Amino acid sequence: MRFKRVAAVAAAATLALGLAACGGDSDEGTGSGSSAKGIVGKAQNQKKLVIGVKADQPGLGLQTGSQYEGFDVEIAKIIAKGLGVDANNIEWKTTVSANREPFIEQGTVDLVVATYTINDERKQKVNFAGPYYIAGQDLLVKADSTLTGPEALEGKKVCSVQGSTPAKRIESDYPKAQLQQFDAYSKCLPLLEQGKVDAVTTDDIILAGYAAQDQFAGKFKVVGNPFSSEPYGIGLKKDDKDGCEKVNDILKAAASDGSYKAAWDATLGKSGTPAPELDTTKLTNCGSV
C-alpha cells in the first residue's frame, strides 16, 4: 500500500509539472512557443494580429465590403509581415479618432495604424512607433472658395472629427471659427458640397484623398496652406516597449528595401504625388516602462 501511495504522489507531481510547462501564463501573447510578451509574443505564438484602421479615408484607410485598402493598410501589412504574420491572418478593426486609445488600452486591437498623430497627450495612454509619415493640417473648401487659410476662419463654419488633433487645434487656436464635429470626416463632405459648412479640416493628405474621389471630382480643393506638423505613428500598448522597438526596426527595413515606396505607389501614389522619403532618424525612442 505504501508503494501505491508513493507512486500516486509521484504521478500527481509529474502531472502538475506538465500542466505548468504547457500553460498557466496569463501574460498576453505568451503560451506555447516564445516567451516574448506584447505584440511580438502574440505574433510568434498565435500567428495573428488585430489591427485598427480607418474605414472612410480614401487612399489611406477605406473599407469596401469586407475589404480594407489604402496606405495605412499597406503599412499595417508590412508591420505584420515583419512580425511573422501573414496578411490573411490580420483581423481588421474599424477605428475612429475617438476610440483609438480605448481600443489599445482595452486590448480590442493589438496595433492602430489610422492616421494617428503622435502627441504628448496620447503618449500618456499608449506607446507609439514611427512616425511613418508627416502630414500637415489644412482646409478643404469648394473649388470657387476664396478662403486662403486658418486666419480667415473667423465666423466660418468648419467641420472636423470629434477627438481628433485637427478639431482640438481649431478650438484652441481659432476659437472664433464655428466648429462642427462628427465621428467621421466622410460626414463633413456632403455638408461642404451643400454649402452648409465653409471648410473641412484635417491633414492635407486625407483631404487630398477625399477631393480625388470620383463623386467630388472638380468640386473641392485643398487650400494648400498647412498649419501644423502631424507625425503619423503606430499605436500600441503603453508598456510594450519591445513591440514598439520591433515595429521601428521593421520600418527601417521598409525604408531601405523598397516596400515603403511600393506601399505608397500602390495607394496614394496613384494621385501623382511621389513617395516621400521615410526619415528613420525621426523614429520614436518608444518611451520607458
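When you check Ala263 against the structure, is it in contact with an Asp or Glu (Cβ under 6 Å, 6 or more places away or on another chain), modelled with pLDDT of 95 or more and not hydroxyl-bearing (Ser, Thr, Tyr), yes or no? In short, yes.
Within the stretch 142-162, can one find any residue that is without any contact (Cβ under 8 Å) to a residue 12 or more places away in the chain and in a loop (DSSP other than H, G, I, E, B)? Yes. Taking every residue in the stretch 265-279 that is farther than 15 Å from Gln213 by Cβ and pairing it with any residue that is outside any loop (DSSP other than H, G, I, E, B) and among the basic types (Lys, Arg), at least 6 positions away or on another chain, the pairs with Cβ-Cβ distances below 6 Å are Ala275/Lys261.
Of all residues in the stretch 257-289, those being of a type outside the set (D, E, K, R), farther than 22 Å from Lys246 by Cα and exposed (fewer than 12 other Cβ atoms within 10 Å of the Cβ) number 2.
Of all the numbered requirements in (1) among the charged types (D, E, K, R); (2) closer than 16 Å to Gly235 by Cβ; (3) modelled with pLDDT under 90, Lys37 misses one, and that requirement is (2).
For the stretch 190-201, the count of residues that are at pLDDT 95 or above, closer than 20 Å to Leu62 by Cα, within 20 Å of the chain's Cα centre (by Cα) and not aromatic (Phe, Trp, Tyr) is at least one.
Going through (1) touching a helix residue (DSSP H, G or I) at 6+ places or on another chain (Cβ under 7 Å); (2) not in a helix (DSSP H, G or I); (3) not assigned by TED's automatic domain parsing to the domain that holds Glu101 one by one, Ala129 falls short only on (3). For the stretch 280-289, filtering for residues that are in contact (Cβ under 8 Å) with a residue 24 or more places away in the chain and part of a loop (DSSP other than H, G, I, E, B) leaves 6. Taken over the stretch 223-247, the criterion of being surrounded by 20 or more Cβ atoms within 10 Å (Cβ to Cβ) and not in a loop (DSSP other than H, G, I, E, B) is satisfied by Glu230, Tyr232, Gly233, Ile234, Gly235, Leu236, Lys237, Gly243, Cys244, Lys246, Val247. For residues in the stretch 210-222 being touching a helix residue (DSSP H, G or I) at 6+ places or on another chain (Cβ under 7 Å) and not in a strand (DSSP E or B), which is farthest from Gly287 (Cα to Cα)? In this case the residue turns out to be Lys219. Specify the residue that is farthest from the chain's Cα centre (by Cα); the eligible residues are those in the stretch 84-111 that are among the small types (Gly, Ala, Ser) and modelled with pLDDT of 95 or more. The selected residue is Gly84. Please tell me if Ser186 is outside any loop (DSSP other than H, G, I, E, B), closer than 30 Å to Gln106 by Cβ, touching a residue at least 40 places away in the same chain (Cβ under 8 Å) and polar (S, T, N, Q). It is true that Ser186 is outside any loop (DSSP other than H, G, I, E, B), closer than 30 Å to Gln106 by Cβ, touching a residue at least 40 places away in the same chain (Cβ under 8 Å) and polar (S, T, N, Q). Evaluated against (1) assigned by TED's automatic domain parsing to the domain that holds Ser186; (2) closer than 14 Å to Gly130 by Cβ, Phe216 falls short on exactly one condition, (2). When you look at Ala217, is it surrounded by fewer than 21 Cβ atoms within 10 Å (Cβ to Cβ) and over 25 Å from Arg169 (Cβ atoms), yes or no? For Ala217, the condition - surrounded by fewer than 21 Cβ atoms within 10 Å (Cβ to Cβ) and over 25 Å from Arg169 (Cβ atoms) - is met.
Note on the stretch 139-165: residues that are surrounded by 20 or more Cβ atoms within 10 Å (Cβ to Cβ) and under 21 Å from Gln194 (Cβ atoms) amount to 8. Scanning the stretch 171-199 for residues that are within 18 Å of Tyr116 (Cα to Cα) and buried (at least 23 other Cβ atoms within 10 Å of the Cβ) yields one hit, Tyr185.
The values are calculated or read from the model by the stated rules, or taken from the named source; none is laboratory data. Note that the coordinates shown come from a computational prediction; the quantities given were computed from them, not determined experimentally. So basically every Cβ, Gly included, is an ideal-geometry build from the backbone, and we count neighbours across all protein chains shown.
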